[in-house]
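One structure is given below, encoded as structure tokens.
The values are calculated or read from the model by the stated rules, or taken from the named source; none is laboratory data. In this text, all values refer to a predicted model and were calculated from it rather than measured experimentally. Reconstructed Cβ throughout: ideal geometry from the backbone, glycine too, with neighbour counts over all protein chains shown.
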Amino acid sequence: MYVDTFVDNAKVMAKGQVTIPKDIRAILGVNSGDRVTFIVEGNSVRMVNSAIYAMQLLQQDMQGEAERSGLTSDDDVINLVKDLRDEA
């Protein structure tokens with residue numbers, strides 16, 4: 001078992017609803033009104049904070065884009081921002 005593994009359980013109610021245990025909500029950083037994403041992998045399901053998951057997917061999609069666009073240093077990024085501000 002992983003060192004960072006935490007196990008808890010909850011009962012599925014008649015309408016398929018489950019109360020996420022308080023400790024799990026704290027670990028995921030979710031509060032009332034927040035959204036969670038369920039990721040099914042074989043016969044297992046991971047539940048993640050939807051906002052964090054969306055940011056991780058965006059980061060994966062954007063990985064390497066700066067280099068492909070010729071932005072290889074902080075100065076390149078600063079100059080691009082200045083150029084874009086001058087155009088606006």
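Can you name the residue in the stretch 1-56 that is among the basic types (Lys, Arg) and part of a loop (DSSP other than H, G, I, E, B) and is also nearest to the chain's Cα centre (by Cα) among such residues?
Residues of the stretch 1-56 that are among the basic types (Lys, Arg), as a first pass: 11, 15, 22, 25, 35, 46.
Those still in the list that are part of a loop (DSSP other than H, G, I, E, B) too: 11, 15, 35.
Values: 11: 26, 15: 27, 35: 11 Å.
Once the filter is applied, the top-ranked residue is 35.
With respect to the numbered conditions (1) loosely packed, with under 10 Cβ neighbours inside 10 Å; (2) assigned to a loop (DSSP other than H, G, I, E, B); (3) within 25 Å of the chain's Cα centre (by Cα), which one is the sole condition not fulfilled by residue 60?
(2)
Residue by residue, here is whether (1) modelled with pLDDT under 95; (2) touching a helix residue (DSSP H, G or I) at 6+ places or on another chain (Cβ under 9 Å) holds:
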| position | (1), (2) |
| --- | --- |
| 10 | yes, yes |
| 15 | no, no |
| 23 | yes, no |
| 26 | yes, no |
| 34 | no, yes |
| 40 | no, no |
| 44 | yes, no |
| 53 | yes, no |
| 59 | yes, no |
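Looking at the stretch 8-26, I want the residues that are surrounded by fewer than 10 Cβ atoms within 10 Å (Cβ to Cβ) and have a partner that is outside any helix (DSSP H, G or I) and not charged (D, E, K, R) with Cβ atoms under 7 Å, at least 6 apart or on another chain. Which pairs are those?
12/18
If a residue has to be under 19 Å from residue 6 (Cα atoms) and either surrounded by 10 or more Cβ atoms within 10 Å (Cβ to Cβ) or touching a Ser or Thr at 6+ places or on another chain (Cβ under 6 Å) (or both) to count, how many in the stretch 28-51 make the cut?
10
Are any residues in the stretch 64-88 among the polar types (S, T, N, Q) and either touching a residue at least 40 places away in the same chain (Cβ under 8 Å) or loosely packed, with under 10 Cβ neighbours inside 10 Å (or both), and if so, which ones?
Once the filter is applied, which keeps residues that are among the polar types (S, T, N, Q) and either touching a residue at least 40 places away in the same chain (Cβ under 8 Å) or loosely packed, with under 10 Cβ neighbours inside 10 Å (or both), the stretch 64-88 yields only 73.
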